[in-house]
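Scroll down for the structure; my scribbles are underneath it.
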Amino acid sequence: MGKLSLKHVVGAALIFVLSACVTTNEVTGRSQFITIPASEDTSLGLEAMAEVKKTAPVLESGPMVDRVRRIGKRIAAISDNPNLPWDFVVIDEPVLNAWALPGGKVAVYAKMVNSLTDDAELAAVLGHEIAHAVLRHGAEQLSRAQMQSLIIVGVGAAVGAATKDDEKAQLAVGLGSLAAQGFVALPHSRSMELEADDIGTRYMAKAGYDPRAAVRLWEHMKTLKDAGGPPTFLSTHPSDDKRIDRLQAQMPYYLSVYKKR
Ligand SMILES: [Zn+2]
């Protein structure tokens, strides 16, 4: 295949994928670019969880898991997608982090659970992660990474055909493996973080947890320093004063949701 026709094929594929995959999120009203059908979220999450279990001590029973599951299920039940196959586990490692996989598989690390003052702060963490899963942020992130590598493969193939230089094609392979671990280790975009704060705090309030604990949580996290090693809550959930300010600004609304129940 000549380089010109290859460029045309890649261009046509990009236009097809772009037009087919932009959907409007029903909860936020924001347009999202997602190449993965919602029906595949569950199997994708199960696959990713199986990968995590190969390397991490995942607890599926015991008092700490019971507590996380009790709070998590209470919030998931009033979320915009109560029918996802929700599950909550604890990873028995001294790491301050939590994450959500597509399809409603949520994990919190033992150190995170132990560092929180009460159920409401844990509900703030779980509400935030539940919102990420409901809003399909993992699938969105993976789609973006796929698109980046598709563009680089396309450019790499076109350039490679002309210059016999496969460096760019190799770069594309690197990005692909990055996407594979993206659910757990990559930071969400700023817009995803703010959405998860907003929707997650509304969920926790609706489930009966005082939403003011969300502000306490992020203030608490700010005082803790990232110590390197495995990804921590701050590295995958960048925190700053602006996100706390936004939560404070919306607090009258969250409190009205909390008091209305
Ligand atoms: Zn987040």
Checklist line | Ranking of Asp245, Asp197 by count of other Cβ atoms within 10 Å, fewest first | finding: Asp245, Asp197
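Hand me the GluC sites (Glu not before Pro) from segment 40-101 located in a DSSP loop with no more than 15 other Cβ atoms within 10 Å, in residue order please.
When the GluC sites (Glu not before Pro) of segment 40-101 are filtered for loop state and at most 15 Cβ neighbours within 10 Å, Glu60 remain.
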Next item on the list: Set the Förster distance to 30 Å, then compute FRET efficiency between Met64 and His220 from the Cβ-Cβ distance, nearest 0.05.
Entry: 0.95
Next item on the list: State, to one decimal in nm, how far the label point of Leu255 lies from the label point of Lys54, with both points 7 Å from Cα in the Cβ direction.
Entry: 5.0
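On a 30 Å Cα-Cα criterion, which of the cross-link pairs Lys53/Lys259; Lys73/Lys222; Lys111/Lys242; Lys53/Lys260 come out too long?
The answer is Lys53/Lys259; Lys53/Lys260.
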Check: Full extension from Lys242 to Ser191: what is 0.36 nm times the residue separation minus their Cα-Cα distance, to one decimal in nm?
Finding: 17.1 nm
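Every number here is computed from the coordinates shown, using simple stated rules; none is lab data. Predicted, not measured: the structure shown is a model, and the values here were computed from it. Quick reminder, even Gly has a Cβ in these numbers, built from the backbone with ideal geometry, and neighbours come from all protein chains shown.
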